[in-house]
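Below is one structure; the comments refer to it alone.
The values are calculated or read from the model by the stated rules, or taken from the named source; none is laboratory data. Everything numeric here is computed off the predicted structure, so don't read it as measured data. Ideal geometry is used to build each Cβ from the backbone, glycine not excepted, and the neighbour counts take in all protein chains shown. All accessible areas refer to the heavy atoms of the entire protein, side chains included, with ligands and DNA or RNA removed. Shrake-Rupley method; radii C 1.70, N 1.55, O 1.52, S 1.80 Å.
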Amino acid sequence: MSTWYEKGVFYHMYPLGMTGAPKHNDSAETVNRFEELDQWIPHIRSLGCNSIYIGPLFESSSHGYDTRDYRQVDRRLGDNAAFKTFVSLCHEQGIRVVVDGVFNHTGREFFAFKDIQEKKWDSPYKDWYRDVNFGCTSPLGDPFSYFAWQGHFELPCLNLKNPQVKAYLFDVVRFWVDEFGIDGIRLDCANVLDFDFMRELRQMTEGLKKDFWLMGEVIHGEYSRWLNEAGLHSVTNYELHKSIYSGFNDHNFFEIAHNVRRLLAIGRQLYTFVDNHDEDRIASKLRKKEHLAPVYMCLMTLPGIPSIYYGGEWGLEGVRSRTSDDALRPAVSLAKGEKLASPLTELIARLGRIHEENEEFHGGLYKELLLTNRQYAYARMGEDSSVITVLNNDDNPAQLSVPVPLSGAAGEAVNLLEEGPAIPIQDGKIQITIKGNWGAVLKITRRPED
């Protein structure tokens with residue numbers, strides 16, 4: 001029996017950006033922008049998405065990752081009651097909700113850091129942060145120094161080996177589950193989090209809620225260090241992300257296929273994406289806009305738990321600058337989205353439904369069937385059925401002979417992506433022509449026994 005996240009098709013929301021909230025949290029006023037976010041839920045479901053990753057959410061000073069209060073929704077978005085309603089509306093539509101857990105660091109306005117600023121070595125929280133040293137000052141003028149995330153001193157790093165810090169954060173997680181009913185947490189900066197902390201978090205959450213999901217942001221490293229029976233359930237698949245846009249730009253499907261083979265042991269559990277709130281939009285990374293369609297076919301059918309970043313369904317572009325990520329996190333209204341809707345939007349919705357409705361994608365084995373620089377075919381295998389994806393990144397049509405990976409297959413394959421007659425299977429192969437910069441998703445089933 002698959003878990004909900006193995007069946008997951010995610011929609012990634014960066015709420016401060018998509019609602020156009022103020023960049024800095026300077027006002028005492030609470031503004032309910034969840035009323036706007038609530039309206040996205042039917043649209044998200046229409047794309048075949050059954051899970052949402054939303055964040056950062058909790059009270060912060062600027063971009064959302066400089067937390068002030070872990071138990072309060074950011075007032076620029078609304079209050080706790082408004083977020084509780086959002087989660088409830090999602091659950092009514094069959095959508096699970098995963099939030100950001102920013103546990104590596106806090107903002108400087110977090111109560112424990114402010115207490116150290118005031119009381120210095122007399123603060124009971126002086127050991128809550130890493131490498132606190134009262135023998136020197138910080139670059140921001142504090143009467144002590146401390147370890148900061150990547151040298152950003154507005155983000156002091158928590159000491160996750162401190163039992164008091166762990167107890168506090170675990171209580172916060174219990175609060176999110178009890179108060180809001182969330183279904184999982186995406187661990188920010190998981191690649192630098194303490195491994196013991198993550199293992200203990202896994203133990204704690206397993207008894208908190210059935211199938212509670214822990215996904216970590218990991219950019220570099222061997223994913224199995226984080227993703228295992230004692231650690232996290234999933235991590236971000238930056239390797240596949242890089243190989244997809246590079247493979248299409250360079251007309252080199254070998255790069256994608258090599259990456260999939262390398263990650264075969266854990267690939268089905270990885271969180272896959274083509275853009276997110278930290279990466280340039282895929283529509284800007286691709287040299288040929290015509291590749292957007294087969295890129296999303298690739299994303300939604302390769303091993304992994306796929307995620308669509310808000311606006312991706314409309315082909316939004318965006319490139320980060322040296323000092324700002326704002327172009328990746330624009331304000332977008334649903335009304336604007338409806339005007340931007342295109343065949344790409346319809347394609348992503350079709351792919352989302354295909355992924356959700358076909359169990360082969362929920363943990364099915366992967367098998368490579370055909371590979372050239374510009375053509376790629378692979379299967380996701382079920383017990384009595386398989387789904388074959390055939391991709392063409394060339395401008396010209398490609399005539400392909402694709403071997404059928406299922407013994408005793410019935411005599412034809414059905415294209416799940418487009419209406420049309422079934423394709424005959426002859427001598428264990430499917431003869432198919434794929435037009436330029438396009439693909440097919442073919443379902444085959446085992447012939448019933450007489």
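Listed here are the residues, each with its yes/no results for (1) open to solvent by 10 Å² or more (accessible area, probe 1.4 Å); (2) out of contact with any helix residue (DSSP H, G or I) (no Cβ under 6 Å at 6 or more places or on another chain); (3) of a type in the set (Val, Ile, Thr); (4) farther than 30 Å from residue 7 by Cα.
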site: 92; (1), (2), (3), (4): yes, yes, no, no
site: 96; (1), (2), (3), (4): yes, yes, no, no
site: 100; (1), (2), (3), (4): no, yes, no, no
site: 110; (1), (2), (3), (4): no, yes, no, yes
site: 116; (1), (2), (3), (4): no, yes, yes, yes
site: 123; (1), (2), (3), (4): no, no, no, yes
site: 128; (1), (2), (3), (4): yes, no, no, yes
site: 131; (1), (2), (3), (4): yes, yes, no, yes
Subject >> region 373-387, subset within 18 Å of residue 268 (Cβ to Cβ) and assigned to a loop (DSSP other than H, G, I, E, B), residue farthest from the chain's Cα centre (by Cα) >> reply: 383
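State all residues of region 333-351 that are farther than 22 Å from residue 438 by Cβ and either at pLDDT 95 or above or open to solvent by 70 Å² or more (accessible area, probe 1.4 Å) (or both); if no residue qualifies, say none.
Step one: list which residues in region 333-351 are farther than 22 Å from residue 438 by Cβ, which gives 333-339.
The answer is 336, 338, 339.
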**OP:** Taking only region 199-212 into account, find how many residues are touching a Leu at 6+ places or on another chain (Cβ under 9 Å) and crowded, with 20+ Cβ neighbours inside 10 Å.
**Re:** 1
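Just to be sure before I move on: is residue 235 of a type in the set (A, V, I, L, M, F, W, C) and in contact with a strand residue (DSSP E or B) (Cβ under 6 Å, 6 or more places away or on another chain) in the structure I sent? If you could, list the steps in order and put the result at the bottom.
Values: of a type in the set (A, V, I, L, M, F, W, C): yes; in contact with a strand residue (DSSP E or B) (Cβ under 6 Å, 6 or more places away or on another chain): yes.
Here the answer is yes, as residue 235 does meet what is asked.
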Original post:
Got a number for residues in region 365-407 being open to solvent by less than 40 Å² (accessible area, probe 1.4 Å), small (Gly, Ala, Ser) and without any contact (Cβ under 8 Å) to a residue 40 or more places away in the chain?
Top reply: 4
**OP:** Could you grab me the full set of residues in region 136-154 that are open to solvent by 70 Å² or more (accessible area, probe 1.4 Å) and not aromatic (Phe, Trp, Tyr)?
**Re:** 137, 139, 140, 150, 152, 154
Original post:
If we keep just the residues of region 423-439 that are over 14 Å from residue 388 (Cα atoms), part of a loop (DSSP other than H, G, I, E, B) and of a type outside the set (Lys, Arg), which is most open to solvent (accessible area, probe 1.4 Å)?
Top reply: 427
Original post:
Of the residues 105, 12, 43, which single one is open to solvent by 10 Å² or more (accessible area, probe 1.4 Å) and either of a type outside the set (Lys, Arg) or more than 23 Å from residue 272 (Cβ to Cβ) (or both)?
Top reply: 43
**OP:** Report those strands (runs of 3 or more DSSP E) wholly inside region 53-115 carrying at least 1 residues which are within 23 Å of the chain's Cα centre (by Cα) and free of Cβ contacts under 8 Å to residues at least 60 places away in the same chain.
**Re:** 58-60, 67-73
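Specify the residue that is nearest to the chain's Cα centre (by Cα); the eligible residues are those in region 309-363 that are aromatic (Phe, Trp, Tyr) and farther than 16 Å from residue 293 by Cβ. Even if it seems obvious, please write down each step before you answer.
Of all residues in region 309-363, those aromatic (Phe, Trp, Tyr) come to 309-310, 314, 361.
Still in the running and farther than 16 Å from residue 293 by Cβ: 309-310, 361.
Values: 309: 8, 310: 11, 361: 17 Å.
Looking at the filtered set, the residue picked out is 309.
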Original post:
Considering only residues of region 160-192 that are buried (at least 21 other Cβ atoms within 10 Å of the Cβ) and small (Gly, Ala, Ser), which is farthest from residue 65 (Cα to Cα)?
Top reply: 184
**OP:** Considering only region 177-218, state which residues are part of a loop (DSSP other than H, G, I, E, B) and over 13 Å from residue 96 (Cβ atoms).
**Re:** 188, 189, 193, 194, 207, 208, 217, 218
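Within region 336-353, is there a residue that is farther than 30 Å from residue 316 by Cβ and either assigned to a loop (DSSP other than H, G, I, E, B) or in contact (Cβ under 8 Å) with a residue 60 or more places away in the chain (or both)? Let's see the steps before the verdict.
First, pick out the residues of region 336-353 that are farther than 30 Å from residue 316 by Cβ: none.
Looking for residues that are farther than 30 Å from residue 316 by Cβ and either assigned to a loop (DSSP other than H, G, I, E, B) or in contact (Cβ under 8 Å) with a residue 60 or more places away in the chain (or both), one finds none in region 336-353, hence no.
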**OP:** Considering only residues that are in contact with a strand residue (DSSP E or B) (Cβ under 6 Å, 6 or more places away or on another chain) and of a type in the set (Ser, Thr, Tyr), look in region 62-90 and name the one that is surrounded by the fewest Cβ atoms within 10 Å (Cβ to Cβ).
**Re:** 70
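Would you call residue 157 at negative phi and either part of a loop (DSSP other than H, G, I, E, B) or surrounded by fewer than 12 Cβ atoms within 10 Å (Cβ to Cβ) (or both)? Walk me through how you get there before you give the answer.
On the way: at negative phi: yes; either part of a loop (DSSP other than H, G, I, E, B) or surrounded by fewer than 12 Cβ atoms within 10 Å (Cβ to Cβ) (or both): no.
No.
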Original post:
So which residues in region 250-279 are closer than 15 Å to residue 295 by Cα and among the acidic types (Asp, Glu)?
Top reply: 250, 255, 275
